[in-house]
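The next block holds one structure in the form of structure tokens; read it before the comments.
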Amino acid sequence: MSDPLTETAAWQALQAHFESFKDAHLRDLFAADPQRGERLSAEGAGLYLDYSKHRVTDETLGLLMNLAHARGLEARRDAMLRGEKINLTEGRAVLHTALRAPAAAVVKVDGRNVVPDVQEVLGRMGAFAHEVRRGAWLGFTGRPIRNIVNIGIGGSDLGPVMAYEALKHYAQRDLTVRFVSNVDGTDLVEKTRDLNPEETLFIVSSKTFTTQETMANAGSARAWLLSALGDEAAVARHFVAVSTNAEAVQKFGIDTANMFGFWDWVGGRYSMDSAIGLSLMLAVGPEQFGELLAGFRDMDEHFASAPLPQNLPVLMGLLGVWYNNFFGAQTLAVLPYDQYLAYFPAYLQQLDMESNGKHVTLDGHEVGYQTGPVVWGQPGTNGQHAFYQLIHQGTKLIPCDFIGFCQTLNPLPAPEQPGLGHHDLLMANVFAQTEALAFGKTLPQVLSEGVDPGLAPHRVFEGNRPTSTLLAERLTPRTLGALIALYEHKVFVQGVIWDINSFDQWGVELGKVLAGRIVKELGKDEPDLTHDSSTNALIRRYRAGR
Ligand code: F6P
């Protein structure tokens, strides 16, 4: 066991540095170093990271790197990549990187090379995707499948829906692809109301195949199908499963020949590049899915080999620790300037918050420091007209990740701006926002514009708001893969620093168990309610009004 984090020399050196540095302003840091904007940048897997607008100096970065070394980051990374069972509370390896390893790679779990297993499933997914996409997979009545509905929740939904939205440009547009996750019947009803059951394929995606929401939705989807087609035999042509639980899949009535498997060493929130991505593969095709995997692999290789000071996930992870643990920042805003990435912040919420929302160290001691941040955000420029006011002038420190692309997939000239397009307008906002957040506007600047001195304070921007800017050439499947893997590994880096298990999620269990008990109390007979008085009263009121 290593020393408690806050007692390490590396941590205390950072604390001492923080005390003397905390009021330094980005205005002064930039003024003192004209090369700062280019110097504090790093590049990997097609992504350019500008981290110069962070409240750091070379000394800060050196101390953060020392912390990473002191926590054994490289050894922990290598242990994960080797397939060691670093998910201690579940006794499992953590090998999402094997899902995109080169076909010739050897990655062993319990002495077995898992790469051929991965390739076998990918091959079956590809063959199935080709059949569906060319209209050769026929429904029960002989009509080709035109609608694909993924049923899953959490990691069995957020990754596929995020990536489908992100890569819509590359999708086969005559296929309708939808995602049902919420146990609220509205989700299933609204997503199926205009679909022809004869042309609809459901992909039931669930690692465990026991998740209440998914099982309820899958059961109702089957009923919807059978009420139209009237024959149990139709299920085999209209349902496939993605799961690790063959027995439960069979019990549900899906032929295991139509099941695409994965393994317990793939965590739910790290599973979108496993068979859980089947809906995405059907939409964009196996070749583009392969490109996505290549992008993941590019970032894996960068993470595994780039020196720590130039390593993107390491830099982003350590900068997050700097704000979270020293400046006391509670949240991280992720702001993609690309409408296709609308679901990216929601995806990152599970990836980051389910991974690092932990309160004990690996050996079960209460942490004496903050762990994972609240992650939130939405695409720019929309957010600018909603919550950016608080980021610019509010009282909270909110580090932000800006994400943008040099080229758009939808070039549209800007009618009012000859020679420019919508994309230039969009990207001008990225650069303007990070500039405004860093440098702000001082009182003398405001007064020099002739503003009434009584009103001037309202117009002052303190600045010194830290941002990262991630810039890539173009949103391609490969870039998306690299971007997702960047955040996966950033989360890992932070988990190592905080000495927590980023790969379990016991925190979702209690609510699940209680809901299972309460749902039985919502039926007809008056049950003997033994909850607290608030829960009892709410249940009674609901029962009376249902
Ligand atoms: O929310 C808890 C959780 O276990 C997630 O980690 C997981 O992604 C989700 O539920 C869905 O689980 P499953 O794929 O087993 O249905």
Cα-Cα over 31 Å, subset of K85/K396; K22/K490; K22/K85; K396/K490; K108/K512: K85/K396; K22/K85; K108/K512
Within the chain: Cβ-based charge dipole about Cα centre, in debye rounded to nearest 20 (Lys, Arg +1; Asp, Glu -1): 860 debye
Degrees, to the nearest 10: 286-305 long Cα axis against longest axis of the chain: 40 degrees
Cβ-based net charge around Q393, under 12 Å, with every Lys or Arg adding one and every Asp or Glu removing one: +3
Taking only Cα atoms of the stretch 287-361, radius of gyration then Dmax in Å: 14.9, 45
The stretch 119-189, Rg to Rh (Cα coordinates; Rh as Kirkwood inverse mean 1/r): 0.99
Karplus-derived 3J(HN,Hα), 6.51/-1.76/1.60, for each residue of the stretch 419-431, Hz, glycine and proline x: x, 10, x, 3, 5, 5, 4, 4, 6, 4, 5, 4, 5
Shape call, the stretch 451-546: gyration tensor on alpha carbons, a/c limit 1.5: oblate
Nearest-ten-degree value, helix 509-521 long axis tilted from longest Cα axis of the chain: 40 degrees
Label-point gap, in nm, between K108 and D28 - each point 7 angstrom along Cα→Cβ: 5.6 nm
Global size of the stretch 173-272 as Cα Rg and Dmax, reported in angstrom: 13.4, 39
Accessible area per residue in Å² at 1.4 Å probe, computed on the stretch 139-278: 36 Å²
Efficiency of FRET from Cβ geometry, N182 and V513, R₀ 25 Å, rounded to 0.05: 0.80
Cα-based equivalent ellipsoid of the chain: semi-axis lengths in Å, sorted from largest, via gyration tensor: 41, 28, 27
Point-to-point label distance, R540-K396, nm (Cα→Cβ direction, 7 Å offset): 3.7 nm
Percent RCO, i.e. relative contact order, over the stretch 1-112, from Cα pairs under 8 Å lying at least 6 residues apart: 18 percent
Length added when fully stretched, E190-W506, from 0.36 nm per residue minus Cα-Cα: 110.6 nm
Accessible area of the chain belonging to carbon and sulfur atoms, whole % at 1.4 Å probe: 53 percent
Mean residue ellipticity (222 nm) of the chain, computed from DSSP H runs ≥ 4 via -39,500 (n - 2.57), nearest 500: -13000 deg cm²/dmol
For T89, residues with placed amide H under 5 Å, excluding near neighbours: none
Integer Hz, Karplus 6.51/-1.76/1.60 couplings in order for the stretch 45-55, x for Gly and Pro: 6, x, 10, 9, 10, 9, 10, 6, 8, 10, 7
R0 of 25 Å, Cβ-Cβ distance S20-H359: FRET efficiency to nearest 0.05: 0.25
Sequence-separation-based contact order of the stretch 409-534, relative, with Cα cut under 8 Å and 6+ spacing, percent: 15 percent
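Of all trypsin sites (Lys or Arg not before Pro) in the stretch 186-262, which ones are in loop regions per DSSP and have a Cβ with at most 11 other Cβ atoms within 10 Å?
R193
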Surface per residue (accessible, 1.4 Å probe) for the stretch 416-546, Å²: 53 Å²
Segment A223-S41, length gained on full extension (0.36 nm per residue, minus Cα span): 60.0 nm
Distance in nm between pseudo-label sites at K251 and A456 (7 Å out along the Cβ direction from Cα): 7.3 nm
Contact order relative to length of the stretch 345-498, as percent, for alpha carbon pairs under 8 angstrom and 6 or more apart: 28 percent
³J(HN,Hα) computed for each position of the stretch 135-141 - Karplus, 6.51 cos²θ - 1.76 cosθ + 1.60, integer Hz, glycine/proline x: x, 8, 7, 9, x, 4, 9
The stretch 305-383 versus the stretch 454-475: alpha-carbon centroid distance in Å: 19 Å
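The values are calculated or read from the model by the stated rules, or taken from the named source; none is laboratory data. This structure is a prediction, so every number in the text was calculated from the model and none was measured. Note that each Cβ is placed from the backbone with ideal geometry, even for glycine, and that neighbours are counted across all protein chains shown. Each accessible area value is taken on the protein alone, full model and side chains, heavy atoms only, with ligands, DNA and RNA left out. Shrake-Rupley method; radii C 1.70, N 1.55, O 1.52, S 1.80 Å.
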